[in-house]
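Worksheet: one structure, shown below.
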Amino acid sequence: MKVFNGTAVFGGVAFGRISIYKRNEQTIKREHIQDAAAEIKRFEDAKQTAISELKGLYEKALKEVGESHAQIFEVHQMMLDDLDYVESITMMIEDQKVNAEYAVATTADTFSNLFASMDDAYMKERAADVKDVSERVLNVLCGNSSGASVVDEATIIVADDLAPSETVQLDKDKVKAFVTMFGSTQSHTAILARTMNIPALINTNIELLDEYDGKEAIVDGFTGTVYIEPDEDTVKVMKEKQEKDLARKALLQELKGKESITLDGQKINLYANIGGVEDVPKVVQNDAEGIGLFRSEFVYLNSNDYPTEEEQFAAYKEVAEKMRGKKVIIRTCDIGADKQIDYFNMEKEENPALGYRAIRICLDRKEMFKTQLRALYRASVFGKISIMFPMIISVDEVRQIKEVIAEVLAELDAEGIPYKECELGIMIETPAAVMVSDLLAKEVDFFSVGTNDLTQYTLAIDRQNNKLDSIYNPHHPAVLRMLKMIADNAHAAGIWCGICGELGADLELTETFLKLGYDELSVSPSMLLAVRDKVRKTDVSKVTLREELQ
Amino acid sequence: MKQFTYVITDPDGMHARPAGALVKAASAFTSNVTIEKDGRAVDAKRIMGIMTLGIKNGQEVVVKVEGEDEEAAAAEIEAFMKANL
């Protein structure tokens, strides 16, 4: 068994035989020609042939992967018809009396270098497009036939990188995975793999050796691993992983795009919890209606010093944009307790869970807090951002927060920096906040219950102490009564409330949450569809709350 | 000459596909159409040029239309950008 690793761009497990993708490498020679007009005609004819081939690819892609992915082949046709491109070629032929092949290859290099030098990952990919369309013209000029041979069974394509025209020519029924040595998450291979719902690895440390051709292999698109000639144990483990994944995907197909609504018409917003920008693809794949908890700690944890406003702004903006107008609730810095950071220089505490943490640090170290708030408000114009504050125990804290926000907004106004009004909410994760939730509800736009801390504080049980596992019961009536009180107080004040702790994904309690009237559940992306499934099977009018909640 | 400015609101910016669609929209008219970013103007009927501007979300572009059908062309292109970019 041989094992190679790459970056996974789409999850899934695939079995198949390896097909090493090889293309005709052509060496272009500069040749002197006599008749420039005839040479230009050769180019024009080749260009027309290439364009009609691209029209064919457009039709094929349209059928197989849909309009939005097929459009690239229309763009390719336009590239070949682009006057800058065509003039560059014809002028070279005319002025330098060179052969069409050389003029095309040189022009392709010029344009692709122009794109490759741009400061934009997506535009860099266009360099590959220019090369690809030019290659097509060159193939016509040289009389080569291009195309891939996919054998008549499940195939794993292994290549250095694949151009869109190459991927679309593959037989989609047979191709089960892509493995490339290069490429980016923006590359066509990656985009196509996501559309085709098949695993793909890029930047893989594999070589294109003939000896791999035709060998059995497994691609694990979750870990980014490819196994060539896998042993029995690996096959067994991977088969199980594949089955689980297929079951999840079947559920996804069934529930994707469907509303999270009960049999009797009660809607709930189903959002996802994330810990960083890299989680967003999972959120989108699992069809979340928004992000209910974006833990901003990662910007602090992935850093050796306080993260700058720009660093934070870039991360928040990226997530807001990628969610395309769906709600993104970002929780401000929740450092302390079990999340410690060296550069915060915090004194060792006897009892960190009850110590200097989260909003307590933020209200004490205001400059740091203001930096984060500025970044959040600046990012607000790029999507729909809500801001949420952790570890609240009093109305006074909320007022202090609002004062800091007012200062930040006044600064942004003075600097002429645009921002949008953001919904402001708080985490309800202390018994104190529960007990004054009627008062807090008048101060904020929403509540989100952090059940992990709320359970630990309510039951006075350290959730990190294994010895106490048997009595750590998140279904404890004390916790559930608090959940009822929170929802009642929120709704009495006309604000919405949700749950973003682990309990939110507890399917045994989904009916209870619905009956209590929770407006939102935010769960890990992998749990989204299971919860949606449960919601859609619930008839709230038939749910009876357990005795202690009545 | 007709002229308008537009701020891109598409999160992906002016990428290959919208650029292609813009070329199509502009090519439907006989007027000369240019699109300008940070003082650099390119022909809106040429896709490579548009893509080399690397227009991103939040950036402002100036579109200038000159020719017989400039009135209709400017209106059409502005509507196209509002709807797609």
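Name the residue that is farthest from the other protein chains (Cβ to nearest Cβ), counting only residues in the range A:57-80 that are of a type in the set (A, V, I, L, M) and without any contact (Cβ under 8 Å) to a residue 40 or more places away in the chain. Talk me through it step by step, then tell me what you get.
Taking the range A:57-80 as the starting set, the residues that turn out to be of a type in the set (A, V, I, L, M) are A:57, A:61-62, A:65, A:70, A:72, A:75, A:78-80.
Subsequent filtering for residues that are without any contact (Cβ under 8 Å) to a residue 40 or more places away in the chain retains A:62, A:70, A:78.
Working: A:62: 14, A:70: 10, A:78: 5 Å.
Restricting to residues being of a type in the set (A, V, I, L, M) and without any contact (Cβ under 8 Å) to a residue 40 or more places away in the chain, the top hit is A:62.
Out of all the residues in the range A:95-103, is one or more in a strand (DSSP E or B), within 30 Å of residue A:218 (Cα to Cα) and either in contact with a His (Cβ under 6 Å, 6 or more places away or on another chain) or at pLDDT 85 or above (or both)?
No.
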Lone unmet requirement of (1) more than 10 Å from chain B (Cβ to nearest Cβ); (2) in contact with a Pro (Cβ under 8 Å, 6 or more places away or on another chain) for residue A:153: (2)
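Counting just the residues of the range A:405-415 that are in contact (Cβ under 8 Å) with a residue 12 or more places away in the chain and more than 32 Å from the chain's Cα centre (by Cα), which one comes out least open to solvent (accessible area, probe 1.4 Å)?
Step one: list which residues in the range A:405-415 are in contact (Cβ under 8 Å) with a residue 12 or more places away in the chain, which gives A:405, A:407-409, A:411-412.
When the remaining residues are screened for being more than 32 Å from the chain's Cα centre (by Cα), the result is A:407, A:411.
On the way: A:407: 83, A:411: 61 Å².
Checked the range A:405-415; the qualifying residue least open to solvent (accessible area, probe 1.4 Å) is A:411.
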Unmet criterion (only one of (1) modelled with pLDDT of 95 or more; (2) crowded, with 16+ Cβ neighbours inside 10 Å; (3) closer than 27 Å to residue A:534 by Cβ) for residue A:267: (2)
Evaluation of residue B:74 against (1) more than 23 Å from residue A:81 (Cβ to Cβ); (2) over 13 Å from the mean Cα position of the chain (by Cα) (one fails), failing number: (2)
Residue within the range A:433-444 that is small (Gly, Ala, Ser), assigned by TED's automatic domain parsing to the domain that holds residue A:325 and either closer than 17 Å to residue A:517 by Cβ or open to solvent by 40 Å² or more (accessible area, probe 1.4 Å) (or both) present: no
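Only one of A:74, A:101, A:94 is among the acidic types (Asp, Glu) and under 29 Å from the mean Cα position of the chain (by Cα). Can you tell me which?
Values: A:101 fails: under 29 Å from the mean Cα position of the chain (by Cα); A:94 fails: under 29 Å from the mean Cα position of the chain (by Cα).
Among A:74, A:101, A:94, only A:74 is among the acidic types (Asp, Glu) and under 29 Å from the mean Cα position of the chain (by Cα).
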Within the range A:81-103, tally of residues that are surrounded by 22 or more Cβ atoms within 10 Å (Cβ to Cβ), of a type outside the set (Asp, Glu) and within 14 Å of chain B (Cβ to nearest Cβ): 2
Among (1) within 14 Å of chain B (Cβ to nearest Cβ); (2) open to solvent by less than 30 Å² (accessible area, probe 1.4 Å), the one test that residue A:418 misses: (2)
Conditions (1) over 24 Å from residue A:440 (Cα atoms); (2) in contact with a Gly (Cβ under 8 Å, 6 or more places away or on another chain); (3) more than 14 Å from every other protein chain (Cβ to nearest Cβ); number of the one not met by residue A:292: (1)
Near pairs, Cβ below 8 angstrom, 6+ apart or cross-chain, from the range B:52-64 (in contact (Cβ under 8 Å) with a residue 60 or more places away in the chain) to any residue that is among the β-branched types (Val, Ile, Thr) and open to solvent by 30 Å² or more (accessible area, probe 1.4 Å): B:63/B:5; B:63/B:34; B:64/B:34
Subset of the range A:249-263 (residues that are open to solvent by less than 70 Å² (accessible area, probe 1.4 Å) and touching a residue at least 60 places away in the same chain (Cβ under 8 Å)): A:249, A:251, A:252, A:255, A:260, A:261, A:262
Number of the condition not met by residue A:49 [criteria: (1) within 14 Å of chain B (Cβ to nearest Cβ); (2) at pLDDT 90 or above]: (1)
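Based on what the data block shows, is residue A:398 open to solvent by less than 50 Å² (accessible area, probe 1.4 Å), touching a residue at least 12 places away in the same chain (Cβ under 8 Å) and not hydroxyl-bearing (Ser, Thr, Tyr)? Show your work before the answer.
Values: open to solvent by less than 50 Å² (accessible area, probe 1.4 Å): yes; touching a residue at least 12 places away in the same chain (Cβ under 8 Å): yes; not hydroxyl-bearing (Ser, Thr, Tyr): yes.
Considered against the rule, which asks whether it is open to solvent by less than 50 Å² (accessible area, probe 1.4 Å), touching a residue at least 12 places away in the same chain (Cβ under 8 Å) and not hydroxyl-bearing (Ser, Thr, Tyr), residue A:398 comes out as yes.
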Residue within the range A:133-150 that is within 14 Å of another protein chain (Cβ to nearest Cβ) and either farther than 30 Å from residue A:175 by Cα or open to solvent by less than 30 Å² (accessible area, probe 1.4 Å) (or both) present: yes
Strands (runs of 3 or more DSSP E) wholly inside the range A:1-80 containing at least 3 residues that are crowded, with 20+ Cβ neighbours inside 10 Å: A:7-10, A:13-20
Condition met for residue A:471 (open to solvent by less than 60 Å² (accessible area, probe 1.4 Å) and not assigned by TED's automatic domain parsing to the domain that holds residue A:267): no
Selected residue (criterion: farthest from residue A:77 (Cα to Cα)) from residues of the range A:153-196 that are open to solvent by 40 Å² or more (accessible area, probe 1.4 Å) and β-branched (Val, Ile, Thr): A:185
Residue match in the range A:339-358 (condition: surrounded by 21 or more Cβ atoms within 10 Å (Cβ to Cβ) and within 29 Å of the chain's Cα centre (by Cα)): yes
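Among the residues of the range A:374-392, write down those that are among the aliphatic types (A, V, I, L, M) and over 20 Å from residue A:339 (Cβ atoms).
Going residue by residue through the range A:374-392, those that are among the aliphatic types (A, V, I, L, M) are A:375-376, A:379, A:381, A:385, A:387-388, A:391-392.
Across the range A:374-392, the qualifying residues are A:379, A:381, A:385.
Is it the case that residue A:316 is within 14 Å of chain B (Cβ to nearest Cβ), crowded, with 19+ Cβ neighbours inside 10 Å and in contact with a Leu (Cβ under 8 Å, 6 or more places away or on another chain)?
Working: within 14 Å of chain B (Cβ to nearest Cβ): yes; crowded, with 19+ Cβ neighbours inside 10 Å: yes; in contact with a Leu (Cβ under 8 Å, 6 or more places away or on another chain): yes.
Criteria met by residue A:316.
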Hey, residue A:220 within 30 Å of residue A:512 (Cβ to Cβ), touching a residue at least 60 places away in the same chain (Cβ under 8 Å) and among the acidic types (Asp, Glu) or not: no
Subset of the range A:372-400 that is within 14 Å of another protein chain (Cβ to nearest Cβ) and in a helix (DSSP H, G or I) - its residue that is farthest from the chain's Cα centre (by Cα): A:378
Residue count for the range A:446-472, restricted to those that are in a helix (DSSP H, G or I) and farther than 22 Å from residue A:391 by Cβ: 2
Helices (runs of 4 or more DSSP H) wholly inside chain B that include at least 2 residues being facing another protein chain (nearest Cβ under 10 Å), modelled with pLDDT under 90 and open to solvent by less than 30 Å² (accessible area, probe 1.4 Å): B:16-27, B:47-52
Residue in the range A:334-352 that is more than 22 Å from residue A:417 (Cβ to Cβ) and among the basic types (Lys, Arg) present: yes
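The values are calculated or read from the model by the stated rules, or taken from the named source; none is laboratory data. Since we're looking at a predicted model, the values are computed, not measured. Because the Cβ atoms are built from the backbone with ideal geometry, glycine has one as well, and the counts that use them run over all protein chains shown. Ligands, DNA and RNA are excluded from the accessible area calculation, which covers all protein heavy atoms including side chains. Shrake-Rupley method; radii C 1.70, N 1.55, O 1.52, S 1.80 Å.
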